[in-house]
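The values are calculated or read from the model by the stated rules, or taken from the named source; none is laboratory data. These numbers come from a predicted model, not from an experiment. Using ideal geometry, Cβ is built from the backbone for each residue, glycine included, and neighbour counts are taken over all protein chains shown.
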Amino acid sequence: MTSSISAHRGPLFHMIADPAEVGEEASYQYWEDGLLVVADGKITAAGAYSDLLPTLPEGAVIENHPDSLIVPGFIDTHIHYPQTEMIGAFGKQLLEWLNTYTFPTERDFQDPKHARRVARVFLDELLKNGTTTALVFGTVHPESVDMFFEEALERNLRMICGKVMMDRNAPDYLCDTAESSYQDSKALLEKWHGKGRLLYAVTPRFAPTSTPEQLAAAGRLREEYPDAYMHTHLSENPAECGWVKELFPQCANYLDVYDHYGLLGKRAVLAHGVHLCEDEWKRLHSSDSAVAFCPTSNLFLGSGLFALEEAERHKVKVGLGTDVGGGTSFSLLQTLNEAYKVMQLRGHALTPFKSFYLATLGGAKALELDHLLGGFSAGKEADFVVLDKRATPLLQLRMENCRSLAEQLFAFSILGDDRAIRATYAAGRCVHKKD
Ligand SMILES: [Zn+2]
């Protein structure tokens with residue numbers, strides 16, 4: 001049997017549990033002089049260089065990464081690839097922002113050439129920022145998903161995407177129907193779910209843009225394909241929440257709309273959840289659904305401050321989302337920066353270990369992919385990032401002044417962005433190298 005073994009030497013760090021559950025000390029592993037061993041796209045060992053060196057077969061190539069920190073690839077649990085070109089659009093809150101900027105931009109994705117071009121830029125941007133897996137919105141057009149998956153397949157990335165389902169309260173040019181959205185989603189799911197490392201998400205945009213018939217059709221897909229994902233938005237903005245109440249007066253709360261149509265459960269990821277009541281938190285937990293915390297978006301669109309401490313109290317799975325283009329950065333480091341400030345305003349300190357947990361293993365758990373992603377245990381897929389301690393003169397100076405791993409992690413999360421990503425690897429292969 002032939003297999004290609006490669007090894008990466010440098011400071012090596014990964015999370016093995018949620019520090020909020022097991023305490024900080026038991027939540028991570030760190031080797032100051034570490035070695036990550038990769039064969040056939042998977043991790044075969046991670047540990048101290050001196051321990052693992054004797055186990056390497058003769059002739060194995062070791063790549064050295066001085067002045068770095070090697071961490072698992074970042075996981076973005078909520079992002080819209082068609083909004084790449086409208087990131088940073090001025091001055092509106094959610095509903096007006098969708099009508100003014102988002103919908104006209106998404107119209108262009110009926111053209112596969114346009115969709116492919118943006119998908120390429122988008123994937124390059126993710127990898128440049130150290131993000132190796134993302135849960136991604138397409139547009140209503142099936143072509144948008146085909147183009148995205150074709151590009152992701154070519155790069156052998158673990159990506160999740162879906163065609164938006166929306167049949168009301170949007171311009172005609174972006175509306176499907178309950179029946180066509182069901183058929184189109186089903187055809188895409190059959191075509192892409194499980195192909196290479198790709199996975200499909202049933203994707204109703206959010207409750208206000210789907211009729212009850214369409215939500216029922218999404219529920220049918222959930223039933224027929226229980227191992228596919230469900231990806232939508234939840235309780236982002238106060239005006240939106242009021243609107244949902246008007247549209248679905250029979251439902252007890254916003255989450256109950258999705259619950260009613262059978263859309264919750266494992267592999268259901270709901271973005272935002274900024275304005276939730278106690279019952280909704282309890283139901284998120286009991287249904288085993290996950291929430292994507294999107295701080296740069298929540299601040300940019302003035303949506304509110306996510307209650308991470310409530311998610312912890314109710315044991316609800318949380319991943320981080322950049323929510324580009326409502327979010328303002330592709331970088332999960334910058335997303336952690338804003339997450340820290342959101343928590344400060346709520347009177348809580350987001351610790352560096354919890355931050356890196358959210359960006360890696362926590363995201364993997366939210367996606368039910370922690371057996372494959374989010375850490376360095378043997379058998380996981382070799383998606384990892386080499387962070388650069390000398391990325392900028394300021395970061396270098398700050399790193400020299402750090403007295404602990406926690407301080408280094410924190411400096412990366414506050415000062416780091418795409419410049420701090422020296423290299424990104426997917427399934428063991430280098431997919432981005434700075435300069
Ligand atoms: Zn979003």
message: Just checking: which of the strands (runs of 3 or more DSSP E) contained wholly in segment 220-332 hold 1 or more residues that are away from the ligand (no atom under 16 Å from the Cβ)?
response: 317-320
task: For segment 60-80, state whether one or more residues are among the aromatic types (Phe, Trp, Tyr) and within 16 Å of the ligand (Cβ to nearest atom).
output: no
message: Looking at Asp124 and the list (1) within 16 Å of the ligand (Cβ to nearest atom); (2) surrounded by fewer than 21 Cβ atoms within 10 Å (Cβ to Cβ), which single condition is not satisfied?
response: (1)
- prompt: In this structure, is Thr84 within 16 Å of the ligand (Cβ to nearest atom), within 21 Å of Leu320 (Cα to Cα) and outside any strand (DSSP E or B)?
  reply: yes
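Being part of a helix (DSSP H, G or I), loosely packed, with under 15 Cβ neighbours inside 10 Å and modelled with pLDDT under 95: is that true of Glu96 here?
Numbers: part of a helix (DSSP H, G or I): yes; loosely packed, with under 15 Cβ neighbours inside 10 Å: yes; modelled with pLDDT under 95: yes.
The answer is yes for Glu96.
Against the condition within 15 Å of the ligand (Cβ to nearest atom), part of a helix (DSSP H, G or I) and at pLDDT 95 or above, how does Glu106 come out, does it pass?
On the way: within 15 Å of the ligand (Cβ to nearest atom): yes; part of a helix (DSSP H, G or I): yes; at pLDDT 95 or above: yes.
It is true that Glu106 is within 15 Å of the ligand (Cβ to nearest atom), part of a helix (DSSP H, G or I) and at pLDDT 95 or above.
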task: Return the residue satisfying two criteria in turn: it lies in segment 134-177 and is within 16 Å of the ligand (Cβ to nearest atom) and hydroxyl-bearing (Ser, Thr, Tyr), and of such residues it is farthest from Ala292 (Cα to Cα).
output: Ser144
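Quick one: which of Val121, Val136, Val140 is touching a helix residue (DSSP H, G or I) at 6+ places or on another chain (Cβ under 8 Å) and part of a strand (DSSP E or B)?
Details: Val121 fails: part of a strand (DSSP E or B); Val140 fails: part of a strand (DSSP E or B).
Residue meeting the stated conditions: Val136.
So which residues in segment 64-79 are assigned to a strand (DSSP E or B) and touching a Ser or Thr at 6+ places or on another chain (Cβ under 8 Å), if there are any at all? Write out each step before concluding.
Start the filter on segment 64-79 by keeping residues that are assigned to a strand (DSSP E or B), which leaves 64, 68-72, 74-79.
If the condition is that a residue be assigned to a strand (DSSP E or B) and touching a Ser or Thr at 6+ places or on another chain (Cβ under 8 Å), then Val71, Pro72, Phe74, Ile75, Asp76, His78, Ile79 are the ones that fit.
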task: Could you please let me know if Val145 is within 24 Å of Asp227 (Cα to Cα) and touching a helix residue (DSSP H, G or I) at 6+ places or on another chain (Cβ under 9 Å)?
output: yes
- request: Specify which of the listed residues (Ala364, Ala339) is touching a Leu at 6+ places or on another chain (Cβ under 7 Å) and farther than 25 Å from Lys92 by Cα.
  value: Ala364
statement: Residue set Leu394, Leu358, Leu373; condition part of a loop (DSSP other than H, G, I, E, B) and in contact (Cβ under 8 Å) with a residue 12 or more places away in the chain; output residue Leu373
